[in-house]
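One structure is given here, and the rest of the page talks about it.
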Amino acid sequence: KGRRITEAQALFQMVDPLVQKFSENTKRKQNFTIRLLAGHAAVAESRQQWDQAQEWLEKWVEVAPESAAAHQRLGSTLFQNDKPREAFEMFTKGRELNSELQHPYVALAQLFSRAGDTAKAQKAFEKAYEEDKNDAKTSRAYAEWLIQQGKLDQAQTIAKAVLDQDANSITALLLDGIVAQMQGQTEQAKQSMTKIISLDPSHFTATDLLALILIQSN
């Protein structure tokens, strides 16, 4: 793995002057530049050279201010450089550019969780859920984290809140069923998985979990 990273860095360094000299097409040059900056940043990120990664990503944002991906990656790097507030600002901008991205507080919470700061992760997830509880992705991220923390009752409460708004939410049904099974509520788990399959017969996870539930039952 390290050898490939070194080779990648050498290739990016070799291509760098070629991109600088390219002048045939402005749009193509911008695309080449973005790929080059993203590649340099990826090398630095893989080596956890966060200061260097930040420099490359800031250049990417400057060249392509409309890129949600650039803002997201810069946010993650800023967090690694002990700048959570600036990271949150980048995540916010990224979501403004692409509404499909996760809530900024969810992104921050997941980074805090990976860093082992459970208290700050909990606080960030709570703020995300408070601001965006009607978004299924936000609810799912928070509920999944609660399951990982062993807070099953809270996770099930969130799943049921989503189901109150949309009784056919596959995401909420799956979470509700998983938590129910973990709590020994086999019948509830079976009902949730069965409903998912009725809504989406090709749903592999629900089919697999229902099979396991039936195997363990009488």
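The values are calculated or read from the model by the stated rules, or taken from the named source; none is laboratory data. Treat the numbers as computed from the prediction; the structure is a model and nothing was measured. With ideal geometry, Cβ positions are generated from the backbone for all residues, glycine too; neighbour counts draw on all protein chains shown. These area figures cover heavy atoms from the full protein model, side chains too; ligands, DNA and RNA do not enter into them. Shrake-Rupley method; radii C 1.70, N 1.55, O 1.52, S 1.80 Å.
Let me know the volume per residue of the alpha-carbon convex hull for segment 41-116, in Å³.
Cα-based convex hull of segment 41-116, divided per residue, equals 78 Å³.
To the nearest 20 debye, what is the magnitude of the charge dipole of the chain about its Cα centre, counting +1 on the Cβ of each Lys and Arg and -1 on the Cβ of each Asp and Glu?
640
In the Gaussian network model of the chain, springs joining C-alpha atoms below 10 Å, which of ARG35, ARG140, ARG73 carries the largest mean-square fluctuation?
Taking springs between Cα atoms under 10 Å, the residue moving most is ARG35.
Just from its helices, what would the mean residue ellipticity at 222 nm be for the chain, if runs of 4 or more DSSP H residues each count -39500 (n - 2.57) and the sum is divided by every residue, rounded to the nearest 500 deg cm²/dmol?
The helix contribution divided over the chain gives -26000 deg cm²/dmol.
Over the C-alpha atoms of segment 89-218, what are the Rg and the largest Cα-to-Cα span, Dmax, in Å?
Taking only Cα atoms of segment 89-218, I get Rg and Dmax of 15.7, 53 Å.
My understanding is that a pair violates if its Cα-Cα distance is over 19 Å; which of LYS83/LYS133; LYS137/LYS160; LYS59/LYS120; LYS93/LYS127 do that in this structure?
Those over the limit are LYS83/LYS133; LYS59/LYS120.
Against the 2.2 N^0.38 Å scaling, with N counting residues, where does segment 117-156 land? I'd like the Cα-based Rg ratio to two decimal places.
Computed over Cα atoms of segment 117-156, the ratio equals 1.05.
For the chain, with a Gaussian network of springs between Cα atoms less than 10 Å apart, report the residue from ILE197, ILE158, ILE170 with the top mean-square fluctuation.
Looking only at ILE197, ILE158, ILE170, the biggest GNM fluctuation is shown by ILE197.
If I model the chain as equal point scatterers sitting on the Cα atoms and use the Debye formula, what is log10 I(q)/I(0) at q = 0.09, 0.12 Å⁻¹?
-0.51, -0.78
Can you run the Rg to Rh ratio on segment 18-79? Use alpha carbon positions and the Kirkwood inverse-distance Rh.
1.00
Contact order normalised by length for the chain, with contacts defined as Cα pairs under 8 Å and 6 or more residues apart; what percent is it?
8
Please list HIS103, HIS203 in order of solvent-accessible area, largest first, computed with a 1.4 Å probe with all protein chains present.
Sorted by accessible area, descending: HIS203, HIS103.
Within 13 Å, Cβ to Cβ, of VAL15, how many net charges do the neighbouring residues add up to if Lys/Arg are +1 and Asp/Glu are -1?
+1
Springs between alpha-carbon pairs under 10 angstrom, Gaussian network model over the chain: which of LYS27, LYS137, LYS190 fluctuates most?
Evaluated over the chain, the most mobile residue of the options is LYS27.
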